[in-house]
Structures are given as structure tokens and as C-alpha cells.
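Data block below; observations after.
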Amino acid sequence: MIELTTGSPSVGDDLLRWASEVGSGHWEHLSEAAAQRSGRSPVQPRRAWIIASELAALGHIDVDWDARRWSVAPPCLALSPGMGLCAYLAGWRTQSLNRRLDDALDEDLDLYSFSISQGEAPRATFVKAASPERLADLAEQLHIRMVYDPARHLADLVDHCSATALPLSAGPPNDDPVERFDEVTFGWTTGAKPFSPGLHSFALHGMKVFRVLDDSGDWHVVDRADGQLAVLRGRGDVMCWHKQSQDAQHPRALSAPGRISLPALVERAATSASGLLPLFKNGRRIYLNVDRDVATTLASSLGLVLTRTHEIDIEKD
Amino acid sequence: MSAAAWDTATWSLKLADRYFSPAFGGEAVTFAVDPDSLSSIAGLDAASAQEALCTAVRQEVMPGHRFDRVGRATSDWRRCGASGPPPSLPLLAVTVLAAASMDASNFYGPLRRLLDPSDMGKGIPPSFDDHIPRLWRELRWWLNDHLDGARGIATITDPGFYVNIGYSVQQAALRTPDRRLLFQFFRRIGLVPAEEQILPGELRRALGVWAKGQGQRGLRLLRLATDPSLEQHAEILLADVARTWDGRLRDPISGFRAAPLRLLLERRPLRLGWIAPRGRDQPPSMQLDPPHSDTELIADGRWWTPRPSALRVDAEHLAKGLELSGAGQSFFHEAAPAIPLRLDPDQYEFVSVDRVIYGEPHLLLVSSTIRASVESWIDREGLAARLDPMATRHMPQGWFLIRDFYLDSRPAHEPPTAVVDLLGSAGGGRRVRLSGGLKLRHLGQVYLSGGGPDIALPNTVEHPTFTIRTTGFDPIERVAEAGCEFQLSRFDLPPGQYEVDHGGVALRFQMVDGVAATPPDGVGTVRSAGRDGREAAGLVVDGPSTSRPGSLNVPPVGFDVGIAIGPSPEDVEIVQLPRWIERIDGPLTWSSAERWKPFDATWLLIPVEGRSTAYDAHPVGVVPPRSSAGGGTWARLILNAQVACDASETAEQLWLAYVQAATGD
């Protein structure tokens, strides 16, 4: 559950601060820094790629997994529709920026700041202003960019490839266990020969890999997200859009099954609508404040049909 | 021309190319002339090569030890712009040969015999003290000042008491093969080049311990580390070499960089073999030198593969190391009891690497000597890694394969030394060091608050106590816990300078809240690719951006969701306030709300006591309607609403105008 934060910095806070001081680098350095910091957390250490994926979804960093490099994103103040002039900080974020923000807030009664804890991910820092002009002035004062409606622009950027464009590959080695993605439960079951078309997973060289078997009997290399979306293409029961409640106590939202992976840019687009990482409730991943147009664009880019459904309750489990 | 006939000018060039090559730019270099290296320079056997050098020098300075001639030639060389290497190199090389063969403190005897085999005299030759020390200083000037380190940084230090012979003795202390061995020592202790605080005394002590275990080949390093007369020079030399080391090993003869020989574990069938990194513009094959002249390296993309595969990986190679050379290149496998392997994206098989990376899956090949301790540590650590018994028969005798070796974070328990050496920034090993932490690599020993380092003490220390000092506080004495690592990080050190003292060794580091006042270079350089070649860096997307939204006044009664109406029929927008945020942060007040459609919002329609009620929402006043077209959503919304009861007279009149426009009148 999201909650206001007053406590110690999280792993994500410290890692974002460190990454902002360094600027960019090799994946190994970020991974090591995450390992160093995670080792001191009282909770079970999380894998570096999970921490990095959260930072990327929040718009703080970009990671090129092929080249194994990362960089912190340029700092910005992002305002999304439906957030009531509550903008949030994204990208580069150091102590000096935090101090400049504090100084600006002290001088201006039209600005109010609050942070929302996100577990071990970096806290979301919001600034509420009396007008859009005041937010723009603040961004200029902080020497950072003002970004409006990031979700829409990121959604327009999503370019999902079709299954036929995926590279061909060999099938699973003969005697290794293979799992098959279940398009109904979204889980994984033991696959057996002869393999039926769909998404499969097996270990290759000690690492889990994913392959799609198409109707022609050809295997294709995919990552987990692309593979799941390829086999769920055209479905109307995967991505749902939830309208806002009448009293606005429950925000509009986009949801997807928790077991379905989404491409990184889609994650970022959906997350940027609120500046908050998705909630997990009833087996679904819920992105808050995503408007219907953005949700439709994202679903369409992924080859899915968006379903409009009931309001979401962010409190009840 | 045979090297036997080389004059001193030729020798000068040859010696400069070998010992002060541009390939050593920025590195600490020594003029460690020895017969073996002279042999490889001259293409003669060692004794003949040494004699050829001495013959050339004799022709210049003998009879009569006319060192003044070399002195004058060097002065002229410097006066004329110091073009090319100094003419003193051959003479200085001979003094180094003398120093290498001196016994006790008898330097001049060997020097005299090198210059004149019939000279059985003792004592300093005439004018040696007038010229030789100056020639060494000129050489240092040439390397460090005139060339600015482009051919190496001289390790010629003032010799203290041994003012005449000290220079030569210093340079003889570390020969080319010793340098290579020294770099192996650096790798063994996990020295991270250019990132660590170099503690000369600590390095020298650790070298003494390590060199002792190297037998005959480590004798000179042992002397360097333990000879009191070399203490000052040794610490300066070791510190210089460590600071400028690039992390790579060296060919034992030329001193040039050598490439690591890697293990390749093929999966089907399970087989361990050798590969070596191959640079661009390299030929498609390379014949190896003896004793492996029956083997050829065949190009396979960016790797060399040996053919025939008769060059097998056996237990002796793994335990003692393996050296290959061919076509002027060298490759080394360094002996180690634990060898990590990681998936190589080119080979798509597991290839040995120097270090384990956190968060990445590895295999671990371990020797029987450490198998039990490694497995025990894995169990204590709760790792999923397990020895694969089916792989054992495919491994060299006495070696075992551990699969699924994966570390998410720094180990909670002290690993075996062999594993510590693989973890880079992990602690322990053979020396006191800072480990872990959120280090700002480009700033030396600077750590970000919340990510302070831990203190790792040598495994062999008996009294693991140390003292922490910082300005404004009394020193704190602590004892290392759980073996030999102390988690200084748990104390959340505030910004400041810190010093950790242990056994006379002082480690200094700094804690900072942050350094970067502006985004450093590199921010935004990695971008996420999207449609049509456009990219995003964080939330910033290529292409046109959204204009700044407008705003409207929020009426005193407040609202949750409302509808903004403008002067034209298409001017309709739902406006909402994120009340759900109040469930997190507590009540928030809004005096205005943002609007995203580009029209002048005149009215805000909100439900009041069940009836849609219009409030004046425009920041500067109500705008008259621009159309009188009836019907449509805009018209229905207006006709179903009433103006707020506290509206001004002007607002009431204008509302009437909107109603009329909505009815089409």
C-alpha cells in the first residue's frame, strides 16, 4: 500500500542518489552498487535488475540491456492530467537538487511538497502548486525541464513488434525440462512433446530463456514480455481500464495481470501517469491515474483490446 | 648489423624502445636491465648480449673510466633539445647489471669487471660520483618532465645514504619478470587499479608474505619487500606501480601487455577448453612458440581458439598457470584455486572471468583444496549454488564445478580467501582495506552518506581491533566481528573526513551527502528506443511537447469532479482533483485546478445538493459565449445547470447569455 514517507532512505533512494552522482556507467557498476546497498537493508535483498527496472519505470534511469550500460535521465518536473497540479520529480536527483527544492519551497507559499514511500523503491517526491505557471517557474528556478502529460508522449512512442518479426531460433534441447505459458491462468505448466504453439521457457546455459513456437512449427527468440504478448494478441481480458469513482476517492487506472510482463517503455508510460509504481492487488498490477486514451493507445500498441471495467479500490486487498 | 657490433647510440635506441616504450605511457617504469632481456633485445644468448652492451660502453668510457664523456654528451643532448633517448642509457644499463650481480655491498667490483674484465680493483672508479648520479637524474627529467610520462613515469628516487650506487640498485630491484609477478600479486590481493587508496607500507608487508610463498621466482620481490636498505624506495616504487597499473598482466620478456587466457566450458558435450581474446586486424591464425609449437590459434570472431585441441586443460595448468606466446603476443592463465565463469554473449557458452559480478549467474570451478570450505560457505550464505557431481568426470583431476553461483548482495559471511579474491570490493584477503559502500569511483575514497564502507582486516590478523577518528569526536576503538570484517556502514556516518587506524596503517576516506551540483556528463546518454526512430531519456521524449496546461478557479465549496465549460460548444472538459492522494497525505486544498484543453474555461459545473451548479471559473472573469448554436453536449450541460446562488450580478447576466446560446436563441 502506498503511504506517506517520513522514514530513512530506502535502497532505491540511495541507489538513485548514487546513480545521480555518477551519471552513467556499465551495468556491473550499478549492479554492484545495488548489491552493496541491498546487503544493508533489513529486508530480503532484491535482485539488481528488479531495482533497476523500477528506477527505469519511474523515469529515473534508462538501461540498455544489450550494451549493458545505463544512464540517469535528465531531471524534470512532470505534471500529468488528473493529478490536481501535483507534479513529481523524475530523473537525476541529488542532495543538491533536494536542497534547492527545499529552498524554493521555503520562499513560496504557493508550493507544497510531499513524498510517498514505495517500499524499497525510491520515494516519489511531489510538488503541489497553485497554478501551472508556478510549477513552470519552479522548474526554471531549479534548472530542470517541465514535462507535461508524459504518459501520452511515452505511449505514442511504444512500438511493439509482431510475432512474425521475431528472430528464428532452435527449439529446446532434447532432454531439458520445458515450461509452457498458460494463456488462461497466465502461469507456467510443464510442457511436453510434441510442443504446442505458444510461449515456452527452458534453461539454456544456466539461464532461463523464452521461445515462441508458431503455427508453422518455427521457434522464435523472445523475451518474456514479448513472448507473453505475442500469444495473447487480440485478447480483451488482459488489459483493463478502470474509471474513476464519482467521489474521486478511487482513481482511474490501467491494470494488467501480475504474471504478465510488460515492455519497459509501456511500464514507464503507465507509471508516469501518476509518478507512482503500480500497486499489486488481487493478482493484478494497477497503474494509477492512467486516462482512457493513454490506456487505449498502450493496449493497441501491444496488440490487445482494452476492456473498460469497474472502479478500483486502492485500499481493499 | 649484428647486435655484437652495435654502438652506444644504437643501444640507446634499443634500450629506450624496450624499457621506455610509448606503450608504457603513464605507467611506472624501471630500468631493470638483465641479461635475459638484453638477450631478447639483441637476438643473442644472454651472455653474448650482455657482452655486446658492455663492449659498446667500453669503447666510450675506457680506458680510464671516462664517464665525463658520457656526461658531456648528455649535457649536449639536453642543450640541443633532448631529441631521442639520452646517450647515457647504455652506461646506466651497465651500472644496473653491476647492481644486480653485486654481493653484500660490493657494487664497484662487478662494475669494474663489466667495464674491464681484467680489472680486479675495488672501490669507486674515478669520477663515478661526479657523473653517474647526475645521469640518473637526467633520465628522470627526460621521462617525467620532458616527455611528461609519455614513455613511462620514472621510479628513480633519491637514494638517501647510498648516494652513488643507490640509483642503480633501485632499478635492479624489479626486473621485467618481477613486474609480471608483481602484477599477479596485485590481482591476487584484488587491487582495483586507480580506485583504491594505496597504502605503501601495507603493500610492502603483504608482498613480503606473498613473495615468500613463490619460491625461487619470488626471491627478488621478497628482497624488495624485506630489505631495509630498500624500504623507502620499495614503498615508493610499489605505490607508483600500483597506482598506474592498468589491471593487466605483462609479457615476462618484453613487459608489454599480455592477454588473459580464458577457459571455455562447452555444454554439449561438457568440455573444458582454452580460448584467448583476439583483437581487431589480427591474422586469421597464429602459430604458437615452443613448447606449444604444435598448436595453432585459429580466429573465431573476437576470440582465438587453439587447434588442435591437443592443448587440453589439465590440472597442472589450473594449479600452476599456463603461458602461451606466438607472433609477438603473449597469453596467460593465472593459477587460482577458484575460477568464475560467466556466459559470454559471443560464444554463448561460459567463459572464465576475473571477477564475479553481483546479480549475474556464474559457474565456479574450484580446486579440491578449497572445495569443502567453499561448499560450507555457500551453505552458510544460503545460496542456491550446488556442486554438479555429473560434471566432475569432465573436469581436470581434482577440480569441481559449482553451478548457479549467484550473489545478489555482499556476502553476510566471510567467504574463503579464494572467493574473496573474486569479489573485488568484498573485504578480507591479505591486507587492510575498505570494502563495499556506495563509492563515487571517480573521486577516490569518497562514499555517499548511507553507503559507507566496511573495514576488512587480513585473515591472519590476531587482534582485529582498529580505531576510527574524525574531527570533533574522540577516537573510537572497535573490534572486527564475525571474522575479520567490521560493518562500519551500520553507523550511518555523517559527512566528514575519517581515518581508520590498524597496526600503524591508516585508511582515510570521506563521507559526503553529494557532490554533483549539476547533472554530470553521461546523464541522458542511454536512451530508450521507440517508434519511428524516436527516443526517450526518462520522461523526456523526442518530438513536440505538450503546451502548458491552463487552469481554472476552484470555487470555495470545493469539488471532486466537475465539468469545465467554455464560450464555444466544443469547449467541454472533465476536471478532477486527485482526492485519492488525500488518503495518503491527508487533506489537501486546491485554489485552482489544471485544464488540458485549449479553451477559456468560463464555468465549472459541479453537483451541489444534487443539482448541477455553475460557478465562475475563469481566472479573470466570465467570457461571453461565442455561439448561439443549440443542441449538443455543451448545450445540454448548460440547460441542466443553474448558476451558483452567490454569483455576482454580472455573472448571473452572463449565465443567462449562455443559456440563451444553449437554446439557440
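Tell me which residues, restricted to the range B:609-640, are closer than 29 Å to A:K128 by Cβ and at pLDDT 90 or above.
Passing the criteria: B:S612, B:T613, B:A614, B:Y615, B:L637.
Given the options B:F509, B:F466, name the one that is modelled with pLDDT of 90 or more, more than 14 Å from every other protein chain (Cβ to nearest Cβ) and not in a loop (DSSP other than H, G, I, E, B).
Of the residues listed, the single one that is modelled with pLDDT of 90 or more, more than 14 Å from every other protein chain (Cβ to nearest Cβ) and not in a loop (DSSP other than H, G, I, E, B) is B:F509.
Restricting the search to the range B:520-535, which residues are facing chain A (nearest Cβ under 7 Å) and either in contact (Cβ under 8 Å) with a residue 40 or more places away in the chain or of a type in the set (A, V, I, L, M) (or both)?
If the condition is that a residue be facing chain A (nearest Cβ under 7 Å) and either in contact (Cβ under 8 Å) with a residue 40 or more places away in the chain or of a type in the set (A, V, I, L, M) (or both), then B:V523, B:V526 are the ones that fit.
Within the range B:305-318, take every residue that is outside any loop (DSSP other than H, G, I, E, B) and in contact with a strand residue (DSSP E or B) (Cβ under 7 Å, 6 or more places away or on another chain) and give me the one that is farthest from B:L364 (Cα to Cα).
So the residue we want is B:R307.
Does the range A:282-316 hold any residues that are basic (K, R) and part of a helix (DSSP H, G or I), and which are they?
A:R292 - this is the single residue of the range A:282-316 that is basic (K, R) and part of a helix (DSSP H, G or I).
Which condition breaks for A:D110 when tested against (1) facing chain B (nearest Cβ under 8 Å); (2) touching a Lys or Arg at 6+ places or on another chain (Cβ under 7 Å)?
Status for A:D110: all satisfied but (1).
For the range B:58-131, list the helices (runs of 4 or more DSSP H) that sit wholly inside it and hold at least 3 residues that are free of Cβ contacts under 8 Å to residues at least 60 places away in the same chain and surrounded by 13 or more Cβ atoms within 10 Å (Cβ to Cβ); which are they?
Of the helices (runs of 4 or more DSSP H) lying wholly inside the range B:58-131, those with at least 3 residues that are free of Cβ contacts under 8 Å to residues at least 60 places away in the same chain and surrounded by 13 or more Cβ atoms within 10 Å (Cβ to Cβ) span B:67-79, B:108-115.
Quick check on the range B:536-572: of everything there that is more than 9 Å from every other protein chain (Cβ to nearest Cβ) and either part of a helix (DSSP H, G or I) or in contact with a Gly (Cβ under 8 Å, 6 or more places away or on another chain) (or both), which residue is farthest from B:G632 (Cα to Cα)?
B:V572
Restricting to the range A:12-38, count the residues that are free of Cβ contacts under 8 Å to residues at least 40 places away in the same chain and either charged (D, E, K, R) or more than 18 Å from B:L440 (Cα to Cα) (or both).
Residues flagged as free of Cβ contacts under 8 Å to residues at least 40 places away in the same chain and either charged (D, E, K, R) or more than 18 Å from B:L440 (Cα to Cα) (or both) within the range A:12-38 amount to 3.
Counting only residues that are touching a helix residue (DSSP H, G or I) at 6+ places or on another chain (Cβ under 7 Å) and not in a strand (DSSP E or B), which one in the range A:106-125 is farthest from A:R252 (Cα to Cα)?
A:D110
Name every residue in the range B:573-605 that is facing another protein chain (nearest Cβ under 7 Å) and under 17 Å from B:P549 (Cα atoms), in order of residue number.
B:Q576, B:L577, B:P578, B:W590, B:S591, B:S592, B:A593, B:E594, B:W596
Each row is one residue, and each column tells you yes or no for (1) outside any loop (DSSP other than H, G, I, E, B); (2) more than 19 Å from the chain's Cα centre (by Cα); (3) more than 11 Å from chain B (Cβ to nearest Cβ).
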residue	(1), (2), (3)
A:V127	yes, yes, yes
A:R134	yes, yes, no
A:M146	yes, yes, no
A:P172	no, yes, yes
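Take B:S168 and tell me if it is over 20 Å from B:A100 (Cα atoms), at pLDDT 85 or above and hydroxyl-bearing (S, T, Y).
no
All but one of (1) more than 21 Å from B:V541 (Cβ to Cβ); (2) within 12 Å of chain B (Cβ to nearest Cβ); (3) hydrophobic (A, V, I, L, M, F, W, C) hold for A:L105, so report the exception by its number.
(2)
Scan the range A:267-310 residue by residue and report those that are within 24 Å of A:V63 (Cβ to Cβ), among the aliphatic types (A, V, I, L, M) and in contact with a Lys or Arg (Cβ under 7 Å, 6 or more places away or on another chain).
Once the filter is applied, which keeps residues that are within 24 Å of A:V63 (Cβ to Cβ), among the aliphatic types (A, V, I, L, M) and in contact with a Lys or Arg (Cβ under 7 Å, 6 or more places away or on another chain), the range A:267-310 yields A:V290, A:V294.
Give me the residue from the range A:233-247 that is crowded, with 21+ Cβ neighbours inside 10 Å and within 17 Å of A:M83 (Cβ to Cβ) and, out of that set, farthest from the chain's Cα centre (by Cα).
Across the range A:233-247, the extreme among qualifying residues is A:Q244.
Out of curiosity, is A:S274 within 11 Å of another protein chain (Cβ to nearest Cβ), among the hydroxyl-bearing types (S, T, Y) and farther than 30 Å from B:P587 by Cβ?
Against the criterion (within 11 Å of another protein chain (Cβ to nearest Cβ), among the hydroxyl-bearing types (S, T, Y) and farther than 30 Å from B:P587 by Cβ), A:S274 does not qualify.
Can you tell me which residues in the range B:171-182 are of a type in the set (S, T, N, Q) and at pLDDT below 85?
The one that is of a type in the set (S, T, N, Q) and at pLDDT below 85: B:T176.
Restricting attention to the range A:36-55, report how many residues are facing another protein chain (nearest Cβ under 8 Å) and either within 21 Å of the chain's Cα centre (by Cα) or aromatic (F, W, Y) (or both).
The total comes to 6.
Can you pull out the residues in the range A:238-281 that are of a type in the set (A, V, I, L, M), in a loop (DSSP other than H, G, I, E, B) and under 23 Å from A:K128 (Cα atoms)?
Result: A:A248, A:A273, A:L276, A:L277.
Kindly establish whether A:P263 is touching a residue at least 40 places away in the same chain (Cβ under 8 Å), within 14 Å of another protein chain (Cβ to nearest Cβ) and either surrounded by fewer than 22 Cβ atoms within 10 Å (Cβ to Cβ) or more than 28 Å from A:W65 (Cα to Cα) (or both).
yes
Return only the number of the condition from (1) more than 21 Å from B:A23 (Cα to Cα); (2) not in a loop (DSSP other than H, G, I, E, B) that B:D294 does not satisfy.
(2)
I'm checking my understanding of the structure. Among residues of the range B:497-519 that are loosely packed, with under 14 Cβ neighbours inside 10 Å and touching a residue at least 12 places away in the same chain (Cβ under 8 Å), which one is farthest from the chain's Cα centre (by Cα)?
So, considering only residues that are loosely packed, with under 14 Cβ neighbours inside 10 Å and touching a residue at least 12 places away in the same chain (Cβ under 8 Å), the one farthest from the chain's Cα centre (by Cα) is B:G504.
I'm checking my understanding of the structure. Among residues of the range A:79-96 that are more than 7 Å from chain B (Cβ to nearest Cβ) and hydroxyl-bearing (S, T, Y), which one is nearest to B:D344 (Cα to Cα)?
By that ranking, first place goes to A:Y88.
Any residue that is buried (at least 19 other Cβ atoms within 10 Å of the Cβ), of a type outside the set (A, V, I, L, M) and free of Cβ contacts under 8 Å to residues at least 60 places away in the same chain - is there at least one of those in the range A:266-279?
Within the range A:266-279, one or more residues are buried (at least 19 other Cβ atoms within 10 Å of the Cβ), of a type outside the set (A, V, I, L, M) and free of Cβ contacts under 8 Å to residues at least 60 places away in the same chain.
Considering every residue within the range B:581-596, establish whether at least one is surrounded by fewer than 22 Cβ atoms within 10 Å (Cβ to Cβ) and over 60 Å from the mean Cα position of the chain (by Cα).
The answer is no, given that none of the residues of the range B:581-596 is surrounded by fewer than 22 Cβ atoms within 10 Å (Cβ to Cβ) and over 60 Å from the mean Cα position of the chain (by Cα).
Being surrounded by fewer than 18 Cβ atoms within 10 Å (Cβ to Cβ) and away from every other protein chain (no Cβ under 14 Å) narrows it down to one residue among A:G191, A:G187; which is it?
On inspection, the qualifying residue turns out to be A:G187.
I'm checking my understanding of the structure. Among residues of the range A:64-78 that are at the interface with another protein chain (Cβ under 7 Å from one of its Cβ atoms) and not in a loop (DSSP other than H, G, I, E, B), which one is surrounded by the fewest Cβ atoms within 10 Å (Cβ to Cβ)?
A:D64
The values are calculated or read from the model by the stated rules, or taken from the named source; none is laboratory data. Since this is a predicted model, take the numbers as computed values, not measurements. With ideal geometry, Cβ positions are generated from the backbone for all residues, glycine too; neighbour counts draw on all protein chains shown.
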